[in-house]
Amino acid sequence: MRQALAETGWGNYSLFLRPDGLLVGYLETEDFEGARKGMAGREVNARWQQEMAEFFVSPKSDLPDQAMSPLEEVFHLD
C-alpha cells in the first residue's frame, strides 16, 4: 500500500484519529484527482477498501477514499 501511494503521487500523507472516531487525512500532491484515480486502479487499494469499509461512514460514496475532498487552506505559519 505504501508503495502504491507513493507511485500514484500521495506525498507527506498522514491520518489523524479523534477519540470519537473522526478520521482526518492530510496529503500533499500535485494532482489530487490523478492521485485518487491512480489508487482506484490498484489491486492493493481494492483489498484495503474491502477490509476497511465497515469502519467508514461515507455520505458521498461506498468507497472511503472516494469521499475525500480537498480543503481550502486559510492559514499557514511557515
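The values are calculated or read from the model by the stated rules, or taken from the named source; none is laboratory data. Keep in mind that what you see is a predicted model, and the values were worked out from it rather than measured. FYI the Cβ positions are ideal-geometry reconstructions off the backbone, even for glycines, and counts take in every protein chain you see.
The table for this structure:
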| item | result |
| --- | --- |
| Matching residues, the stretch 18-37, being surrounded by 11 or more Cβ atoms within 10 Å (Cβ to Cβ), without any contact (Cβ under 8 Å) to a residue 40 or more places away in the chain and under 23 Å from Phe55 (Cα atoms) | Leu23, Leu27, Ala35, Arg36, Lys37 |
| Hits in the stretch 1-15 - residues which are assigned to a helix (DSSP H, G or I) and surrounded by 11 or more Cβ atoms within 10 Å (Cβ to Cβ) | Ala4, Leu5, Ala6, Glu7 |
| Near pairs, Cβ below 6 angstrom, 6+ apart or cross-chain, from the stretch 59-78 (at pLDDT 60 or above) to any residue that is charged (D, E, K, R) | Ala67/Lys60 |
| Of all residues making up the stretch 16-34, the number that are over 15 Å from Leu71 (Cβ atoms) and part of a strand (DSSP E or B) | 1 |
| Where a residue in the stretch 40-52 is part of a helix (DSSP H, G or I) and its partner, wherever it lies, is charged (D, E, K, R), with Cβ under 8 Å and at least six apart | Ala40/Asp65; Asn45/Asp65; Gln49/Asp65 |
| Pairs where the first residue, in the stretch 1-17, is farther than 19 Å from Arg47 by Cα and the second is surrounded by 10 or more Cβ atoms within 10 Å (Cβ to Cβ) and of a type in the set (Asp, Glu), C-beta under 7 Å, 6+ apart | Gly9/Asp31; Gly11/Glu28; Asn12/Glu28 |
